[in-house]
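K.L.:
Quick one: this structure, given as structure tokens, is what I'll be asking you about.
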């Protein structure tokens, strides 16, 4: 029987942290809160509610807080950590369902999914989630239904095998990429979709850009290893090429900038490389074959997505004059491919 705890990264969450901690303690006996440099009484309230509190000097971001929480849970002898956000947007009553899913598939990462409640998710947020899951699924070798949900069950044995090099909200995406790319199953669990009036610390532009840049920089290193390997969809191992680059901050920044600059050249490059090498290396690019998504599809999707910069303002302009259209949703429906296991749900 796995020892399971709940971990909560928290920053200025005085209004919600008590209920989140107390709600979690109904289902597990040990809750750890990482107070990420809060300037209010988050730490005191969490401790009064029954949590073990770890204080972090300065606001270093959710990614750093999660890494601190993972270390604390491992040191305390736990096998599994369920992460819950401190802002009240996750219902602790879903925790038993995570535990049940873990019992059915002990090695899997379980990720909460809100994609079934499309009408509860702000349209812009949903559309960015829809695009993100296409590229994250490519890196993780499997369909990942909701790549941005922080309500997750982490087997700590998997956490130990992954070097997390990013910070803020990028870390959760980095984990999914590396876990999936090391052969770990990532399973969805439908959860209650809650968008409250509490302040979110997610920065829609800055954090989405940071996540996108990391994914853009991860995929070429993965595909290069697949290009020269036979039947090797899982390319990640601790301290691989991408991790080594991340070990030098200057080199990492330069690599990410370079990856963005050549992003539109990557799909045609690997499409040509696959044509050239496939006769000599059996079943190379195994992950794209597994997902039934060749580089031509990836190329078309990547090249057409910038049209959103034109379509979105046109839709907004028409809506201003009472012409209700969903041009962006219809565009994404036909441009972003689905994967085996994906339902391809859209707000229409």
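Derivation of every value follows stated rules applied to the coordinates shown; laboratory data play no part. All values reported here derive from a predicted model rather than from experimental measurement. Glycine gets a Cβ as well: all are built from the backbone with ideal geometry, and neighbour counts include every protein chain shown.
K.L.:
For residue 39 and residue 327, calculate 0.36 nm times their separation in residues minus their Cα-Cα distance, and state this gained length in nm to one decimal. Each step should come with its number before you reach the end.
P.N.:
Working: separation 288, 0.36 × 288 = 103.68 nm, distance 4.27 nm.
Full extension from residue 39 to residue 327 adds 99.4 nm.
K.L.:
A follow-up question, please. Just want the ordering: 257, 186, from fewest to most Cβ atoms lying within 10 Å of their own Cβ.
P.N.:
Placing the least packed residue first, the sequence is 257, 186.
K.L.:
At 0.36 nm per residue, and after removing the present C-alpha to C-alpha distance, how many nm does the segment from residue 307 to residue 97 gain when stretched out fully?
P.N.:
On the way: separation 210, 0.36 × 210 = 75.60 nm, distance 4.03 nm.
Between residue 307 and residue 97, full extension yields an extra 71.6 nm.
K.L.:
Could I ask something else about it? Quickly work out the residue 264-to-residue 278 label distance, labels modelled 7 Å from Cα along the C-beta direction, and quote it in nm with one decimal.
P.N.:
2.6
K.L.:
Points 7 angstrom from Cα along the Cβ direction at residue 209 and residue 250: gap in nanometres?
P.N.:
2.4
K.L.:
Per DSSP H run of at least 4 residues, take -39500 (n - 2.57); add these up for the chain, divide by its residues and hand me the 222 nm value, nearest 500 deg cm²/dmol.
P.N.:
Taken over the chain, the calculation gives -14500 deg cm²/dmol.
K.L.:
So if R0 is 35 Å, what FRET efficiency would residue 26 and residue 128 give, r being the distance between their Cβ atoms, rounded to the nearest 0.05?
P.N.:
Details: r = 33 Å, r/R0 = 0.95.
Efficiency for this residue pair is about 0.55.
K.L.:
Right, here's the next one. In degrees between 0 and 90, to the nearest 10, how far off the longest principal axis of the chain does helix 295-304 point, with axes built from Cα atoms?
P.N.:
Its long axis makes an angle of about 80 degrees.
K.L.:
Taking the simple approach of a point 7 Å from Cα along Cα-to-Cβ for both residue 192 and residue 57, what is their distance in nm?
P.N.:
Result: 3.9 nm between the two label points.
K.L.:
With a ≥ b ≥ c the root eigenvalues of the C-alpha gyration tensor of the stretch 209-335, is it rounded (a/c under 1.5), prolate (a/b larger than b/c) or oblate? Walk me through the numbers on the way to the answer.
P.N.:
Values: a/c = 2.91, a/b = 1.64, b/c = 1.78.
Taking the square roots of the gyration eigenvalues as a ≥ b ≥ c, the stretch 209-335 is oblate.
K.L.:
Using only Cα atoms and rounding to the nearest 10 degrees, what angle (0 to 90) does helix 62-75 make with the longest principal axis of the chain?
P.N.:
Between the helix axis and the principal axis of the chain, the angle is about 60 degrees.
K.L.:
Here are some values of Rg/Rh (Cα atoms, Kirkwood Rh): (i) 0.97; (ii) 1.07; (iii) 1.00. Which one was computed from this structure?
P.N.:
It is the one labelled (i).
K.L.:
Could you list 330, 29, 38, 137 so that the one with the fewest beta carbons within 10 Å of its beta carbon is first and the one with the most is last? Before the final figure, lay out the partial values.
P.N.:
Working: 330 14, 29 10, 38 21, 137 26.
Ordered by Cβ neighbours within 10 Å, fewest first: 29, 330, 38, 137.
K.L.:
Using the count of nearby Cβ atoms within 10 Å as a rough guide to exposure, how do 302, 250 rank from fewest to most? Numbers along the way, then the final one.
P.N.:
Numbers: 302 19, 250 7.
Listed from fewest to most nearby Cβ atoms, that is 250, 302.
K.L.:
Moving on to the next point. Using Cα-Cα distances under 8 Å and only pairs 6 or more residues apart, what relative contact order does the chain have, in percent? Could the numbers behind the result be given before it?
P.N.:
Working: 577 pairs, mean separation 54.0, N = 348.
Normalised by residue count, the contact order of the chain is 16 percent.
K.L.:
Where does helix 204-227 land angle-wise versus the long Cα axis of the chain, in degrees 0 to 90, nearest 10?
P.N.:
50
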